[in-house]
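A short write-up of the structure that comes next.
Just so you know, all these numbers are worked out from the coordinates, no wet-lab data involved. Nothing here was measured: the structure is a model prediction, and the numbers come from that model. Virtual Cβ from ideal backbone geometry, glycine too; neighbours counted across all protein chains shown.
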Amino acid sequence: MKSVRAALREKSSVLALAGGVSANNVLRTRLQTECDRNGIRFCRPDMRFCTDNAAMIGVAAYYEYKKGVRHGWDLNAVPNLKLGER
């Protein structure tokens, strides 16, 4: 895996997984295996602290919908908006 190769190249003894992707069980298992094989300590949050970004966006959209907010098909993503901004 690229991340393990990068850790080895940089002589890092620890590899951390964070963010929404840290909820991916296949990725967690594979990284753990590769880190164990290469003597790298693997750190990742407990699954109860991992959230699904799509679920969070869905909940935010639900509450906007309940407030009567509607947008047309021409709506585009603006990645740096805070929730509630338009």
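Summary of values
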item: Filtered residue count, the range 39-64, keeping only those that are farther than 19 Å from Ala77 by Cβ and touching a Leu at 6+ places or on another chain (Cβ under 6 Å); result: 3
item: Cβ-Cβ under 9 Å pairs, at least 6 apart or on other chains, the range 51-71 side small (Gly, Ala, Ser), far side in a helix (DSSP H, G or I); result: Ala54/Gly20
item: Unique residue being exposed (fewer than 12 other Cβ atoms within 10 Å of the Cβ) and part of a helix (DSSP H, G or I) when the list is Ala60, Ala54; result: Ala54
